[in-house]
Amino acid sequence: MSHVRPGPTGGGLHGAAGGWFHGPAHAPSIEGVAAPEVLHGPLPHGVRRSILRLLDRLSELGARPEQSHDERVRAGTLIFSSLVITLVSFVWVLTYFAYGYPLSAAIPLFYQLMTGVGLVVLARTRRFSHFRTTQFVAFLVLPALLQVSLGGFIASSGMILWAVFTPLAALALLGLRRSVRWLLAFFVVLVSLALLDPRLSRSPAALPTGFVITFFVLNVMGVTLCAYMMLGYFVEQQDRARRALEAEQERSERLLLNVLPEPIAKRLKEKTGVIAEHYDAVTVLFADLVGFTERSSVMAPAELVALLDRIFSAFDRLADAEGLEKIKTIGDAYMAAAGLPERRQDHLEAVARTALAMRDEIAVMAEQSGQGWLAVRIGIETGPAVAGVIGRRKFIYDLWGDTVNTASRMESHGLPGEIQVTESVAAALGPAFTVRPRGTIDVKGKGPMATFLLDGVT
């Protein structure tokens, strides 16, 4: 839970209690966007939750569907700040009226009425720009009027300090270029008050000296605190944006690595152009589920996909355990290879162990699920191949060459529950594996070939 600290409960238009604008540190959690942790205060859990719910509702008050999360956060912050100032203004209305200055009391009262009407209009029209502009004008003009009514800079305890939040709020909500005019307007008001001050100070409000000094200190503290909170908000927003970008980059990286091998993905990010490489020695495996096409016509779609996901997830786990590179799945067929993109000496042995594990895994699945028809047919070949990345919208890392075609033929001409290999594979495996001859078969596109069946590890 993000900690959101409201303004102090004491003070008012002069003091740190409300000021003329509370920075966007009060940003709520909006549609999954967490409130910035600008201030970490010891607020009770229930109070924090109430504030967050209030901010969430306020952000929707004038929200439009096309607005981004950040825009809604900023809008909700301005609305919340206006409400806080409206409530705190009661203190100053009563204080100035009690000291016999009804005109000064009427100024914060006018702000209360104006804000109330503005919120009602905002709720009906959803035109936040109108509410924003009226609040900017109020932040700028009303402190100046209150200072004039009290008799200048000293008697008002530097009330115009609160007007500085007009350009700051404009910068937060409108951006740098559009906020410049509000900054210039603030300077105009400030200079005008400076020119008028000699005349205004001739008849200042008869307020106790302690009262004036106390409010001056509170004004300085309040402006500093609110400015700090505002800057803290944007620092936090920047950090959140950086963290979100890093998270998105990490997510994109994971997605890319699900499609491409890590070395290939790195090359793809570093340079453009064709990525292709010849390998002198790789081993290719094809695995196909026997009779699955016929079964798919009678299985429910959810059951079909769930079974394929279970099988191929198991194949992925076994391939990862031996360091194989999964190339792709085509329907109910699975293709993997070893010796690429990083070359290794034991590529054939790694593929042989994986094939044996795949066969055993399917046998266990068939027994446990009661689907006795389930079996796998695997083919293996070793030799040279070309590997590379093709595609622009959807990348794929694929293999080409006679080794790939022969491995595919070993699978398609194989037997259910068996691992069929070529004569070159059988010779290269050596005594570490048990291989028995199947005999010579006529292989499509290859002619008669002596083939062998891999039974296990010796």
Check: Among A123, A169, which is in contact (Cβ under 8 Å) with a residue 60 or more places away in the chain, under 29 Å from D197 (Cβ atoms) and assigned to a helix (DSSP H, G or I)?
Finding: A169
Notebook entry, point to check: What is the one condition in (1) open to solvent by 60 Å² or more (accessible area, probe 1.4 Å); (2) within 22 Å of A387 (Cα to Cα) that V284 does not satisfy?
Noted result: (1)
Next item on the list: Say whether the condition of being open to solvent by less than 90 Å² (accessible area, probe 1.4 Å), modelled with pLDDT under 80 and assigned to a helix (DSSP H, G or I) is met by at least one residue in the range 268-275.
Entry: yes
Item checked: Verdict on F216 being of a type in the set (F, W, Y), surrounded by 11 or more Cβ atoms within 10 Å (Cβ to Cβ), assigned to a helix (DSSP H, G or I) and at pLDDT below 85 -> no
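Yes or no, residue by residue, for (1) open to solvent by 60 Å² or more (accessible area, probe 1.4 Å); (2) modelled with pLDDT under 90:
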{"position": "V351", "(1), (2)": "no, no"}
{"position": "A355", "(1), (2)": "no, no"}
{"position": "V364", "(1), (2)": "yes, no"}
{"position": "G370", "(1), (2)": "yes, yes"}
{"position": "L374", "(1), (2)": "no, yes"}
{"position": "I380", "(1), (2)": "no, no"}
{"position": "A387", "(1), (2)": "no, yes"}
{"position": "M410", "(1), (2)": "no, no"}
Next item on the list: From (1) in a helix (DSSP H, G or I); (2) among the aliphatic types (A, V, I, L, M); (3) touching a Leu at 6+ places or on another chain (Cβ under 7 Å), pick out the condition that doesn't hold for A155.
Entry: (1)
Note to self: Residue under question is L161, and the condition is that it be touching a residue at least 60 places away in the same chain (Cβ under 8 Å), open to solvent by 50 Å² or more (accessible area, probe 1.4 Å), farther than 16 Å from I79 by Cα and in a helix (DSSP H, G or I); does it hold?
What the structure shows: yes
Notebook entry, point to check: Any idea which of (1) surrounded by fewer than 22 Cβ atoms within 10 Å (Cβ to Cβ); (2) at pLDDT below 90 is the one W92 doesn't satisfy?
Noted result: (1)
Next item on the list: For M449, indicate whether it is buried (at least 22 other Cβ atoms within 10 Å of the Cβ) and within 23 Å of A281 (Cα to Cα).
Entry: no
Next item on the list: List the number of the failed condition for I160; all other conditions in (1) under 37 Å from the mean Cα position of the chain (by Cα); (2) among the hydrophobic types (A, V, I, L, M, F, W, C); (3) closer than 20 Å to F216 by Cα hold.
Entry: (1)
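Here's the yes/no breakdown for (1) of a type in the set (F, W, Y); (2) in contact (Cβ under 8 Å) with a residue 24 or more places away in the chain; (3) in contact with a strand residue (DSSP E or B) (Cβ under 9 Å, 6 or more places away or on another chain):
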residue	(1), (2), (3)
M365	no, yes, no
M410	no, yes, yes
P416	no, yes, yes
I419	no, yes, yes
T422	no, yes, yes
R438	no, no, yes
F452	yes, yes, yes
Next item on the list: Scan the range 70-85 residue by residue and report those that are open to solvent by 20 Å² or more (accessible area, probe 1.4 Å) and over 21 Å from the mean Cα position of the chain (by Cα).
Entry: L83, V84
Item checked: Those residues of the range 195-213 which are in contact with a Phe, Trp or Tyr (Cβ under 8 Å, 6 or more places away or on another chain) and either surrounded by 15 or more Cβ atoms within 10 Å (Cβ to Cβ) or part of a helix (DSSP H, G or I) (or both), in sequence order -> D197, A205, L207
Check: Would you pick out the residues in the range 389-408 that are surrounded by 22 or more Cβ atoms within 10 Å (Cβ to Cβ) and in contact with a helix residue (DSSP H, G or I) (Cβ under 7 Å, 6 or more places away or on another chain)?
Finding: Y397
Margin query: With the structure loaded, tell me whether F433 is touching a residue at least 60 places away in the same chain (Cβ under 8 Å) and open to solvent by 40 Å² or more (accessible area, probe 1.4 Å) or whether it fails that test.
Written below: no
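The values are calculated or read from the model by the stated rules, or taken from the named source; none is laboratory data. Please read all numbers here as calculations on a predicted model, not as lab measurements. Using ideal geometry, Cβ is built from the backbone for each residue, glycine included, and neighbour counts are taken over all protein chains shown. These accessible areas exclude ligands, DNA and RNA; they are computed on the full protein's heavy atoms, side chains included. Shrake-Rupley method; radii C 1.70, N 1.55, O 1.52, S 1.80 Å.
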